[in-house]
Amino acid sequence: MTAKTIVPAVPNQRHAGFLARLTNPRVYCSLIALSLILIVPGVIDSPFVMHVFVTICIFAALSTAWNIVGGYAGQLSLGHMVFYGVGGYTTALLIQHFSLSPWIGMWGGVALSVILSVAIGYPCFRLRGPFFSLATIAFLEVVRLLSIHFTGVTGGAAGLIVPLNLGWAWMIFENKFNYLYIAFGLLLLTLLVSWGIRNSRLGYYLTAVREREDAALAAGVNNTGVKLKAVVISAALTSLVGSFHAMYMTFLEPATMFSLATSIEIAMFALIGGLGTVMGPLLGTVLVVPLAELARGWLGASANGLHGFVYGTVLVIITLTLPGGLVGTFGPRFTKWIDRLPGGGRLHDTGQAPAQRAIVGEVGKPILEAKNLVMKFGGLTATDNVSITLNRGEILGIIGPNGAGKTTLFSQISGFLTPTSGTVGLVGPDGAMTSPSSADEFARLGVGRTFQIVQPFGKLTVLENIMIGAFMRHPKVEDARAAALRAARLVDLEDIKDVEARNLPIGGLKRLEVARTLATEPSILLLDEVMAGQSQSDTQRMVNLIRAIRDTGVTIIAIEHNMQAIMSLSDRIVVIDSGRVIAEGNPQEVVKSRRVIEAYLGEDFVDAQGL
Amino acid sequence: MDVLVQLLLNGILLGSMYAIISVGLTLIFGIVRVVNFAHGEFLMVGMYATYLLGAHLGLNPYVSAVPVIVLLFVLGAMVQRFIIQPLLGADEHIQIFATVGLSTALINLALLVFGADLYSLTVPSARQAVSAGGYTMLVGQLVMLACAIALVGGLHFFMQTTALGRAIRATAQNRNAALLMGVKVDRVYVITFGLGAACVGLASALVIPLYPVTPTIGTYFVLTAFVVVVLGGMRSIYGAFVGAMIIGIVDSLSGYYIAPDLKEVVYFAIFILILIFKPTGLFGFGRGTE
């Protein structure tokens, strides 16, 4: 069912692809720029220059690792040094007590940091913006205070000296160039990981979660899961860098290993370079660190505080003038220049779309059963004992006055709200009824929903928006892109696929909602007022589209206020008023029902008409 | 028993200091909806100002309080006007970075100007001990308690009875509705930020007789103030007052019964637990109780 049958299996292609990539100016320019980090200190033979470049590598690696959580996932950790410190201390203590080489010991640090990152991330990811930052600071402070308190383990405030055994096995060298090799290697590793995430499903998912949690859930993204992945990867990388840096400094003390100021600095480098970009953190570090180190070198102790003052001021100025950072602001223009170099300007050639998930099951049999749904918000009962059954292959219309509880019903049958009482059963892949417990699980079982108030990922393009949906069935980026393009074509968005979603008019946004949901290849499609506020021609287009979707085997429930459209579309109508089902049947019966007319027009009208 | 009562008393007196700082932080968060990471540095600036006035002009800190409060009001108002206001529409993380940057810049500016040395102002009157029923307190601490109560009472009176107070409360409830009712929201924000900073101005004049000033003193106090604000429900000045008393008592008791260097661990642990399990604060003051 995936693309395996379509992609030709030529064994040499991967290899050829790699060589072809090297001739892409984006790749060779990056490699040339990176190699300068090794070349410059090789040419200028000075301990100071060497130190500056090792420091650049260390901080760029820390900042790049931080960016995976702070930039991609948008979780502004200001306590990231906790992982660095844990890495450093673990490695140093393993050398001291067990004579374990730091090359092995650093993995102990990684293990501890990963455990710690889950312990911090899992409970704290539900916190909003500044409170997440505060919680991470609190964790950092707790660990720092504990490391001072348990003097017997860490040496306390007085610090810990790493045993000075020279050689590669001990990561301590007389020839300082070796430090640069390792630091550069760590930088390359973090950049590769960061680049890999950016260009994978995880990267897209992180952006989706950062932009809109609800829309991500509807696309089947396990929000907490992807954020945890990000923090675990970031913590592991940070810990590795911490281990190495401890060997480089050969001295550890709580104030520097768990420093709040440094935690802020690494976040700052990423902001200056461009949050959520691959090269941003490196660029920010390269620009700021040498300035600070030079100031320290020239002015000595009299400049105590100068570099921090410059950092802070630059940070405020950047937030006020270039909130996208350097890469975010100038990146696109710069990339255009690069693409003019020989071999540049390549486009993604989109392959053939992968096969769609086949919908199996007998038409007319129940596919979703909601029983006795009661939803209370404080004193308000939004749905009062609502039961509906959805049969495979039908279009079920749900109508009712404003505030009747239609959207609340939708939210319950798509997992966004857990009913106060009652159950939602869904035919699972094995044909048996199941009751999923979270919205993303509903989505993965084939319930796709759109939102009444559109929820686009504003900073992503139209195609990328749809890709977020497509990733659920097609984890590979190329497959997802091709599948998304197919969905875009279906809803007439192909012409504007590269436009950022926030620039779309409402008609386009409504169709984008449908396309993103369709891309998840649902077996049940929940449409929440997709025709509201649309022009006559857009409405007709949508009606045709819904019919076409049904003809592919998808079962549809639609909430709609546009009576003409919904009556002509639906096989069956359910009418809801004040949280109760007041009528159910085929469209002709329902419009004649006395209770329905009462609900819409009032009792007086019914009496006056003599119905 | 005697020890416990003395510890509780110490806790309340310590809490009154946290109360003054936290009330200012709460005002800014509750109304402007910005978490001011530079709040502690305002305290540091106020303390250096009080120190300079005392060391060079011989002013008693309780007298310096007046000019320092005015200075901090102006500082806060300017920060709002020139840094926060342009960023009100920006992403949350940009606002965080802006105040974090301001905090870093101020700490290091102080380091550049004053160095890392401790500066303290000896005010014998404030350090005088008062005994009552076998328990001892410092005059300076009693003044702080009186000021904390007066501050909360005064703010209550101001918010409930004056037109500006009503405008501030309306803005906190719904910015756009207030705008439509003719409230000059931007001015309300500038004044509120100024008031929040002015509270810290008061705190700095009261703190300096008891604590020496260093460039990083703000970080020490502000982290505690954040704990208090979260405990108090984040938007309520009364919640902040009660939260400050609780943290004061926790500080005092855990310092004695657990270990002096672990008392921060105790209330940071409380902080994390509250954030995770009861984000509306201990008393549910979290919503609509400005």
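What residue, of A:N223, A:N178, A:N165, is over 30 Å from A:E521 (Cα atoms), out of contact with any His (no Cβ under 8 Å at 6 or more places or on another chain) and at pLDDT 90 or above? Quick ask: steps written out before the conclusion?
Values: A:N223 fails: over 30 Å from A:E521 (Cα atoms); A:N165 fails: at pLDDT 90 or above.
Only one candidate passes the filter, namely A:N178.
Check B:L145, B:L111 and return the single one that is on the phi < 0 side of the Ramachandran plot, within 10 Å of chain A (Cβ to nearest Cβ), touching a helix residue (DSSP H, G or I) at 6+ places or on another chain (Cβ under 8 Å) and surrounded by 15 or more Cβ atoms within 10 Å (Cβ to Cβ).
Details: B:L145 fails: within 10 Å of chain A (Cβ to nearest Cβ).
B:L111 is the lone residue from the list that is on the phi < 0 side of the Ramachandran plot, within 10 Å of chain A (Cβ to nearest Cβ), touching a helix residue (DSSP H, G or I) at 6+ places or on another chain (Cβ under 8 Å) and surrounded by 15 or more Cβ atoms within 10 Å (Cβ to Cβ).
Does B:T122 satisfy being closer than 30 Å to B:V188 by Cβ, loosely packed, with under 13 Cβ neighbours inside 10 Å and among the polar types (S, T, N, Q)?
Criteria not met by B:T122.
Considering (1) within 14 Å of chain A (Cβ to nearest Cβ); (2) free of Cβ contacts under 8 Å to residues at least 40 places away in the same chain; (3) more than 19 Å from the chain's Cα centre (by Cα), say which one B:Q85 fails and leave the rest.
For B:Q85, the exception is condition (2).
Return a yes/no flag: does the stretch A:280-291 have any residue that is at the interface with chain B (Cβ under 10 Å from one of its Cβ atoms) and part of a helix (DSSP H, G or I). Step through it out loud before you land on a result.
Filtering the stretch A:280-291 for residues at the interface with chain B (Cβ under 10 Å from one of its Cβ atoms) gives none.
Scanning the stretch A:280-291 turns up no residue that is at the interface with chain B (Cβ under 10 Å from one of its Cβ atoms) and part of a helix (DSSP H, G or I).
Within the stretch A:137-171, how many residues turn out to be free of Cβ contacts under 8 Å to residues at least 60 places away in the same chain and β-branched (V, I, T)?
Result for the stretch A:137-171: 2.
Taking the stretch A:317-331 as the search range and keeping residues that are at the interface with another protein chain (Cβ under 7 Å from one of its Cβ atoms) and of a type outside the set (A, V, I, L, M), which one is farthest from A:M279 (Cα to Cα)?
Restricting to residues being at the interface with another protein chain (Cβ under 7 Å from one of its Cβ atoms) and of a type outside the set (A, V, I, L, M), the top hit is A:T319.
Tell me which residues, restricted to the stretch A:513-552, are closer than 18 Å to A:L390 by Cα and touching a Ser or Thr at 6+ places or on another chain (Cβ under 6 Å).
Passing the criteria: A:I524, A:L526, A:L527, A:D528.
Look at B:G154 and say whether it is more than 14 Å from chain A (Cβ to nearest Cβ) and at pLDDT 90 or above.
So B:G154 fits the description; yes.
Within the stretch B:88-99, can you find the residues that are over 20 Å from the mean Cα position of the chain (by Cα) and either facing chain A (nearest Cβ under 10 Å) or at pLDDT 95 or above (or both)?
Answer for the stretch B:88-99, where residues must be over 20 Å from the mean Cα position of the chain (by Cα) and either facing chain A (nearest Cβ under 10 Å) or at pLDDT 95 or above (or both): B:A90, B:D91, B:E92, B:H93, B:I94, B:F97.
Based on this model, can you work out whether A:G403 counts as in the same structural domain as A:P429 (by TED's automatic domain parsing) and modelled with pLDDT under 85?
Answer is yes for this residue.
Do you know which of the residues in the stretch B:178-227 that are under 28 Å from B:S125 (Cβ atoms) and aromatic (F, W, Y) is farthest from the chain's Cα centre (by Cα)?
B:Y211
Filter the stretch B:117-152 down to the residues that are β-branched (V, I, T) and part of a helix (DSSP H, G or I) and list them by number.
B:V139, B:V143, B:I149, B:V152
Any residue at all in the stretch A:533-555 that's out of contact with any Phe, Trp or Tyr (no Cβ under 7 Å at 6 or more places or on another chain), touching a residue at least 60 places away in the same chain (Cβ under 8 Å) and closer than 20 Å to A:T408 by Cβ?
no
List every residue pair whose Cβ atoms sit under 6 Å apart, with the two residues 6 or more apart in sequence or on different chains, where the first one lies in the stretch A:432-460 and is within 28 Å of A:V360 (Cβ to Cβ) and the second, anywhere, is exposed (fewer than 15 other Cβ atoms within 10 Å of the Cβ) and of a type in the set (S, T, Y).
Partner pairs satisfying both residue conditions: A:S435/A:T423.
Yes or no: A:A60 crowded, with 21+ Cβ neighbours inside 10 Å and under 24 Å from A:G276 (Cα atoms)?
Spelling it out, A:A60 is indeed crowded, with 21+ Cβ neighbours inside 10 Å and under 24 Å from A:G276 (Cα atoms).
Residue under question is B:I107, and the condition is that it be assigned to a helix (DSSP H, G or I), under 20 Å from B:G89 (Cα atoms) and among the β-branched types (V, I, T); does it hold? So that I can check it myself, show each step before the final result.
Values: assigned to a helix (DSSP H, G or I): yes; under 20 Å from B:G89 (Cα atoms): no; among the β-branched types (V, I, T): yes.
No; evaluated as a whole, the condition is false for this residue.
For the stretch B:65-78, state whether one or more residues are under 16 Å from B:V143 (Cβ atoms) and out of contact with any helix residue (DSSP H, G or I) (no Cβ under 7 Å at 6 or more places or on another chain).
Among the residues of the stretch B:65-78, at least one is under 16 Å from B:V143 (Cβ atoms) and out of contact with any helix residue (DSSP H, G or I) (no Cβ under 7 Å at 6 or more places or on another chain), which makes the answer yes.
Matching residues to (1) in contact (Cβ under 8 Å) with a residue 12 or more places away in the chain; (2) hydroxyl-bearing (S, T, Y):
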{"residue": "B:A105", "(1), (2)": "no, no"}
{"residue": "B:N108", "(1), (2)": "yes, no"}
{"residue": "B:L112", "(1), (2)": "no, no"}
{"residue": "B:T161", "(1), (2)": "no, yes"}
{"residue": "B:A167", "(1), (2)": "yes, no"}
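Which is surrounded by fewer than 22 Cβ atoms within 10 Å (Cβ to Cβ), aliphatic (A, V, I, L, M) and more than 10 Å from chain B (Cβ to nearest Cβ), of A:L146, A:L127, A:L166?
Selected residue: A:L166, the only one of A:L146, A:L127, A:L166 that is surrounded by fewer than 22 Cβ atoms within 10 Å (Cβ to Cβ), aliphatic (A, V, I, L, M) and more than 10 Å from chain B (Cβ to nearest Cβ).
Out of B:I247, B:I276, B:I270, report the one residue that is more than 25 Å from B:V32 (Cβ to Cβ), in a helix (DSSP H, G or I), modelled with pLDDT of 85 or more and of a type in the set (A, V, I, L, M).
Testing whether each residue is more than 25 Å from B:V32 (Cβ to Cβ), in a helix (DSSP H, G or I), modelled with pLDDT of 85 or more and of a type in the set (A, V, I, L, M) leaves just B:I270.
Filter the stretch A:544-578 for residues that are surrounded by 18 or more Cβ atoms within 10 Å (Cβ to Cβ) and in a helix (DSSP H, G or I); which is modelled with the lowest pLDDT?
A:A565
Out of curiosity, is B:L164 on the phi < 0 side of the Ramachandran plot, modelled with pLDDT of 85 or more and surrounded by fewer than 19 Cβ atoms within 10 Å (Cβ to Cβ)?
Yes; evaluated as a whole, the condition is true for this residue.
B:P209: away from chain A (no Cβ under 14 Å), more than 26 Å from A:P123 (Cβ to Cβ) and at pLDDT below 90, yes or no?
Spelling it out, B:P209 is indeed away from chain A (no Cβ under 14 Å), more than 26 Å from A:P123 (Cβ to Cβ) and at pLDDT below 90.
Say we look at the stretch B:260-276 and pick out the residues that are in contact (Cβ under 8 Å) with a residue 40 or more places away in the chain and either within 18 Å of B:L7 (Cβ to Cβ) or within 7 Å of chain A (Cβ to nearest Cβ) (or both); which of these is surrounded by the most Cβ atoms within 10 Å (Cβ to Cβ)? Before the answer, list the steps.
Here is the first cut: in the stretch B:260-276, the residues in contact (Cβ under 8 Å) with a residue 40 or more places away in the chain are B:264, B:267-268, B:270-271, B:274-275.
Among the residues that remain, those that are also either within 18 Å of B:L7 (Cβ to Cβ) or within 7 Å of chain A (Cβ to nearest Cβ) (or both) are: B:264, B:267-268, B:270-271, B:275.
On the way: B:E264: 22, B:Y267: 23, B:F268: 23, B:I270: 19, B:F271: 27, B:L275: 23.
Filtering the stretch B:260-276 for residues that are in contact (Cβ under 8 Å) with a residue 40 or more places away in the chain and either within 18 Å of B:L7 (Cβ to Cβ) or within 7 Å of chain A (Cβ to nearest Cβ) (or both), the one surrounded by the most Cβ atoms within 10 Å (Cβ to Cβ) comes out as B:F271.
Consider A:V314 carefully, then state whether it is under 13 Å from A:E265 (Cβ atoms), away from chain B (no Cβ under 14 Å) and touching a residue at least 12 places away in the same chain (Cβ under 8 Å).
No.
Tell me the residue from A:G71, A:G79, A:G87, A:G121 that is away from chain B (no Cβ under 14 Å) and either under 24 Å from B:Y220 (Cβ atoms) or in a helix (DSSP H, G or I) (or both), please.
Just a single option satisfies the conditions, and that option is A:G87.
Considering only the stretch B:57-69, I want to know if a residue exists there that is away from chain A (no Cβ under 14 Å), in a helix (DSSP H, G or I), of a type outside the set (S, T, N, Q) and farther than 24 Å from B:I20 by Cα.
Here is the first cut: in the stretch B:57-69, the ones away from chain A (no Cβ under 14 Å) are B:57-69.
Narrowing the set further to residues that are in a helix (DSSP H, G or I) leaves B:57, B:61-69.
Retained after the next criterion (residues that are of a type outside the set (S, T, N, Q)): B:57, B:61-63, B:65-69.
Pick out the ones that are also farther than 24 Å from B:I20 by Cα and you get B:57.
Scanning the stretch B:57-69 turns up at least one residue that is away from chain A (no Cβ under 14 Å), in a helix (DSSP H, G or I), of a type outside the set (S, T, N, Q) and farther than 24 Å from B:I20 by Cα.
The values are calculated or read from the model by the stated rules, or taken from the named source; none is laboratory data. Just so it is clear, the structure is predicted and the values come from calculations on it, not from any experiment. Glycine gets a Cβ as well: all are built from the backbone with ideal geometry, and neighbour counts include every protein chain shown.
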